[in-house]
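Asks: Quick one: the structure is below, questions incoming.
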Amino acid sequence: MRKSRTLGEIVFDIFLYVIMTGMILIMVLPMVHVIMASFSNSTEVLRANGLILFPKDFNIAAYEMVAKNPNIFSGYRTTLVVVLCGTFLSIIITSLGAYVLSRRNLMWGNTILGIVMFTMFFSGGMIPFYLIVNNTLHLGNSIWALILPSCLSTWNLIVMRTSFCQIPDSLIESAQIDGANDFIILFRIVIPASMAIVAVMILFYGVSYWNSWFNAVLFIKSRTKYPLQLILREILVNNNTDEMMTSVALAERDSIGESIKYATVVVSTLPILCVYPFLQKYFVKGVMVGAVKG
Amino acid sequence: MLKKEVSLKGNSFAVRVKKDFLRNKYVYLMAIPVLLYYIAFCYMPMYGAIIAFKNYKIVDGILGSEWVGLQWFIKFINDYSFVRVLKNTVLLSFFSILWTFPAPIIFALFLNEIRSNKYKRVVQTLTYLPHFISLVVICGLIVQFVGRDGMITSILVNVFGMERTNLLADPAKFRTIYILSELWQGIGWNSIIYLSALSAIDLQLYEAAELDGAGRWRKMFHITIPSIVPTIIIMLILKLGHFMTIGYEKVMLLYSPNIYETADIISTYVYRIGLLEGAQYSYSTAIGLFNSIINVMILIIANKISNKVTGQGLW
């Protein structure tokens, strides 16, 4: 169908490929740098003077340090508990809410929708939120403070509702005629028919629990309960690797300190980056469903 | 079902409520945990925000503390930090939207023009990736990369002959660093929504345009872009709805006292005086409330303008 391309179009095509290849490099090179630096000797990393594309003086000493570090281990444990419990709870509560909001003949449906939507644009602010969660609900320094306040995201709720709305009414009505109550309809019919969106939600919630750090800054006081992200903040942002190297002789510290940071990044980011490509086709769908509603 | 609705009319309000409740009792039962969440973590903090008009003391509680009127708001306006944090918030948000809002749209348009599906998918996979890296890790890497001996600093020194310094310690460079990293993180992910809008365009429009002899550029400007304008407007309004709270977590991870001059924004100031340095709960709540109110006003104005000019908006 296409006619022979004009010179202008060919130039445009070349331009496109150059731009896109540039984009790929900008995205990938920092990651390559991190991975290579994590396998390198720290003094070499400091002396590198630019991108590191191959390991310099290849060694895995940094990873050994990370593996021996009790903070990273306990952070990992806290984060895993939060991700697993949190995601489970979030999926349940989001599907309940999405089902409620997708019912059409509900007298108070629009009121509930209004209550939900209002919070997207107005909030009491950080300090009252802290005071309520910490002093009124007494969740301070508890792992629940990392789960409950973020167990529902209004955006995800709306996305899921949009997806539930697309299930044909006839399917639900026939179940009602068979005498099924709303719980049975939700868990036996609606959710199985929306597995793609549930997968997206698992990914979205899982990632957001994994990556969240600010609630932990607000509410968690004891170090043993720190999630992984707070440990990472100490190591990466506050540049504090000394504690990790108490077992290392002073003279050797320089040669490990720098690559420990990069090894920590690799260890803490890898799980998500490994899962992500497999779920990609689902979450694109999830974002699209949200776009329909806007 | 139609019959039921007819029979519901004519009845008094109380009877209708009762009938609706009986018919949907399980649905309302399902709504309870959801409503509890919103009450506990959204509406109770909103109620707690009344301490902005009180002199809150922990022993007296939210209700028991004495009313002080607008004292804290007046204090904020006279605060020596007021101009600085307000200016920084507005500038950071404005420049951030100026760059990071159009970028994904342009990216999506370009991506849409690529004919090889395989290459397209590779670009997509790789550009979505940064969205999944945690903010702490990204900020940690920024700190490493732009430090004195960092990778990016070294490249700038070698290529542009820049003087070797810690870029994050320079107030003049903070916004640039913030926005560039924001672009890196979000350009791919934020383009998804536009790509899906692009894929919904009726192909017949393009065929008709081709018959009329339109080239690639003209098709882009006369068909593709007009078709995604509604999506663009909705996304812009949503973005403006968070104008005043944009990216505070990131600022918190990146800033330091050296660069408060450009980096200290309202949200970070609230956090510092409310929770970090002194527990000035009422004062910081008032500042936060001030911020929220400006935010809502911006949203309402943006929506109104959009309704008038383009005929569509969020409500």
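Asks: Test of understanding: ordering B:GLU163, A:GLU258 by Cβ neighbours within 10 Å, fewest first, what list do you get?
Replies: B:GLU163, A:GLU258
Asks: Report the Cα centroid-to-centroid distance between the stretch A:38-98 and the stretch A:177-231 in angstrom, as an integer.
Replies: Centre-to-centre distance over Cα atoms comes out at 21 Å.
Asks: At a threshold of 8 angstrom on Cα-Cα distance, excluding pairs fewer than six apart, so keeping six or more, what relative contact order does chain A reach in percent? All intermediate terms of the calculation are to be shown ahead of the outcome.
Replies: Values: 282 pairs, mean separation 92.3, N = 294.
Computed over chain A, the figure is 31 percent.
Asks: Let me know the whole percent of all Cα-Cα pairs from the stretch B:2-63 that are separated by more than 17 Å.
Replies: Within the stretch B:2-63, distances greater than 17 Å cover 63 percent of Cα pairs.
Asks: Given the DSSP H assignment, sum -39500 (n - 2.57) over each helix run of at least 4 residues in chain B and divide by its residue total; what's the result at 222 nm in deg cm²/dmol, nearest 500?
Replies: The helix contribution divided over chain B gives -21000 deg cm²/dmol.
Asks: Next up: What are the trypsin sites (Lys or Arg not before Pro) within the stretch B:51-108 that DSSP puts in a loop, where the Cβ has at most 15 other Cβ atoms within 10 Å?
Replies: For trypsin sites (Lys or Arg not before Pro) across the stretch B:51-108 that sit outside H, G, I, E and B with at most 15 neighbouring Cβ atoms in 10 Å, the list reads B:LYS57.
Asks: For the stretch A:82-143, just say rounded, prolate or oblate: build the C-alpha gyration tensor, square-root its eigenvalues into a ≥ b ≥ c, call rounded for a/c under 1.5, and beyond that prolate if a/b exceeds b/c, oblate if not.
Replies: Since a/c reaches 1.5 but b/c is at least a/b, the shape of the stretch A:82-143 is classed as oblate.
Asks: Just tell me how shielded B:265-277 is by partners: mean number of partner chain Cβ atoms within 10 Å of each residue's Cβ, no decimals.
Replies: Other-chain Cβ atoms within 10 Å of each residue's Cβ, averaged: 2.
Asks: Related question: Would you order A:THR43, B:THR231 from fewest to most other beta-carbon atoms within 10 Å of each residue's own beta-carbon? Walk me through the intermediate numbers first.
Replies: Values: A:THR43 16, B:THR231 19.
Exposure proxy ranking, most exposed first: A:THR43, B:THR231.
Asks: Suppose we take every Cα in the protein assembly as shown and form the convex hull; what volume per residue is that in Å³?
Replies: 201
Asks: Assuming a ≥ b ≥ c are the square roots of the Cα gyration tensor eigenvalues, decide whether chain B counts as rounded (a/c under 1.5), prolate (otherwise, with a/b larger than b/c) or oblate.
Replies: Note, shape of chain B comes out oblate.
Asks: Now for a different question. Aspartates and glutamates near A:LYS68 by alpha-carbon distance under 13 Å, same-chain residues fewer than 8 away left out - which ones?
Replies: Cross-link targets: A:GLU243.
Asks: Continuing with this model, one more query. Whole angstrom only: what separates the Cα centroid of the stretch B:278-300 from the Cα centroid of the stretch B:153-177?
Replies: For the stretch B:278-300 versus the stretch B:153-177, the Cα centre distance is 34 Å.
Asks: Quick query: amide H of B:LYS54 versus all other amide H atoms, modeled in the peptide plane; which residues come in under 5 Å with a sequence gap of 5 or more or a different chain?
Replies: B:VAL68
Asks: Can you tell me which aspartates and glutamates have their Cα less than 13 Å from the Cα of B:LYS57? Leave out same-chain residues fewer than eight positions away.
Replies: Leaving aside aspartates and glutamates fewer than 8 places away in the same chain, those within reach of B:LYS57 are B:GLU66.
Asks: Further question on the same structure: Starting from the Cα gyration tensor of chain A, multiply each eigenvalue by 5, take the square root, and state the resulting semi-axes largest first in whole Å.
Replies: Computed over chain A, the values are 42, 31, 17 Å.
Asks: So, in Å, what gap is there between the alpha-carbon centers of the stretch A:5-21 and the stretch B:57-101?
Replies: 49
Asks: Using the membrane-span-like helix rule (whole DSSP H runs, Cα extent along the own axis of at least 15 Å, mean Kyte-Doolittle hydropathy at least -1.0), which helices of chain A qualify?
Replies: Going by DSSP H runs, the hits are A:7-38, A:70-102, A:109-121, A:154-165, A:195-211, A:250-293.
Asks: Now, a different point. DSSP loop (so not H, G, I, E, B), at most 14 other Cβ within 10 Å: list which trypsin sites (Lys or Arg not before Pro) in the stretch B:106-213 pass both filters.
Replies: The qualifying sites are B:ARG115, B:ARG148, B:ARG164.
Asks: Now for a separate question. In the stretch A:70-224, if every C-alpha pair distance is counted and binned at 10 Å from zero, what percent goes to each bin?
Replies: P(r) over the stretch A:70-224, rounded to whole percents: 10, 33, 31, 18, 7, 1.
Asks: Ok, one more. Identify all aspartates and glutamates with a Cα-Cα distance to A:LYS221 below 18 Å; exclude those on the same chain that are fewer than 8 residues away in sequence.
Replies: A:GLU234, B:GLU277
Asks: Within a 10 angstrom radius of the beta carbon, how do A:CYS274, B:CYS139 rank from fewest other beta carbons to most?
Replies: Least crowded to most crowded, the residues run A:CYS274, B:CYS139.
Asks: What FRET efficiency would be calculated for the residue pair B:GLU261, A:LEU16, taking the C-beta separation as r and a Förster radius of 41 Å, to the nearest 0.05?
Replies: 0.50
Asks: Can you find, among A:THR154, A:ASN135, A:ILE92, the residue farthest towards the positive end of the dipole of the stretch A:70-224? Put +1 on the C-beta of Lys and Arg, -1 on that of Asp and Glu.
Replies: Selected residue: A:ASN135.
Bear in mind that the values in this text are calculations on the coordinates, not laboratory data. In this text, all values refer to a predicted model and were calculated from it rather than measured experimentally. No Cβ is skipped: glycine too gets one built from the backbone with ideal geometry, and neighbour counts run over all protein chains shown.
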